[in-house]
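Below is one structure, written out as structure tokens; comments come after it.
Just so it is clear, none of the values below were taken in a lab; they were calculated from the coordinates. Please read these numbers as outputs of a predicted model, since none were measured by experiment. All Cβ positions, even for glycine, are placed from backbone atoms using ideal geometry, and neighbour counts span all protein chains on display.
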Amino acid sequence: MTGLRERQKADRTRRILEAASQLFRAQGYDAVRIEDIAAAAEVSAGTCYNYFSTKGDLLLAIVSMEVEEVIDAGRTLVDVPPPDIAQALGGLIRLYYDHSLMYLSKEMWRKAMAFSIEAPDTPFSQRYTELDDMLAAQVCDMLTALKARGLTRPDIDPATLGQITFNTLNQMFIEFVKADAMTLDDLHRTSDAQTESLAALLRV
């Protein structure tokens, strides 16, 4: 019975998050009420409030779902990276960018970023920072894997360079989110050019 209850809870949670994502994207974060989300998810408003007290909690859960999924997908690349630095790093970064709009719109990302900056001591901000740290760690893992295969210069520090690489790709993503007219293709072109330049410095 415990297993069944956990599966039912997980299913309800997923339905609520998917409904929230769809409504936030379609109507805008500010226009949507938790009651609207509950109705779309086919659960009672009370059930929705039991799982998520505020819309901010829902937004953070959607961001967490997005990042956790993309990190899971990235593990395959890190475990067996392409035999070229630009392809390996570029593939990982492209995966991050392509997945970023699966559950969140640019407006939702702007809200999440603003919440994390406006109140740095809140659980929202702390979790958002933790998610960024998880992504940065995976970039470091990729560089560690490439170095272990002898594809990079032996004198590089994967931890330091990985953090620098993540900071750069994250800043490019912020610029992408800020500009409604900027497309994913625009973002990829900018990122690919920078990744190729970085790879040229790292190759043996």
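In degrees between 0 and 90, to the nearest 10, how far off the longest principal axis of the chain does helix 158-178 point, with axes built from Cα atoms? The angle comes out near 50 degrees. With the simple model of a label 7 Å out from the Cα in the direction of the Cβ, GLN126 to ARG33 spans 3.2 nm.
Expressed in units of 2.2 N^0.38 Å, where N is the residue count, the Cα radius of gyration of the range 157-200 is 1.24. Beyond 15 Å, the tail of the calculated P(r) for the range 1-53 holds 44 percent of the Cα pairs. Taking the C-alpha atoms only, the angle from helix 184-202 to the longest principal axis of the chain is near 40 degrees.
Computed 3J(HN,Hα) for the range 60-69, one whole-Hz value per residue from the Karplus formula 6.51 cos²θ - 1.76 cosθ + 1.60 where θ = phi - 60°, is 4, 5, 5, 4, 4, 4, 4, 5, 4, 5, glycine and proline marked x. The Rg/Rh ratio for the chain, using Cα coordinates for both the radius of gyration and the Kirkwood hydrodynamic radius, is 1.03.
Estimated purely from DSSP H runs of n ≥ 4, each contributing -39500 (n - 2.57), the mean residue ellipticity at 222 nm for the chain is -26500 deg cm²/dmol once divided by its residues. Each of LEU77, ALA39, GLY90 was placed along the dipole of the range 14-114 (beta-carbon charges, centred on the mean Cα), and the one lying farthest toward the positive end is ALA39. Dipole check for the chain: with +1 at the C-beta of Lys and Arg, -1 at the C-beta of Asp and Glu, and the Cα centre as origin, the magnitude is about 280 Debye.
In plain terms, the chain from VAL204 to ALA26 could stretch by 59.2 nm, reckoned as 0.36 nm per residue minus the Cα-Cα distance. Net length available on complete extension from GLU6 to ILE156 is 49.5 nm, with 0.36 nm assigned per residue and the Cα-Cα distance removed. Computed about the Cα centre, the dipole magnitude for the range 1-53 is approximately 220 debye when only Lys and Arg (+1) and Asp and Glu (-1) carry charge, each at its Cβ.
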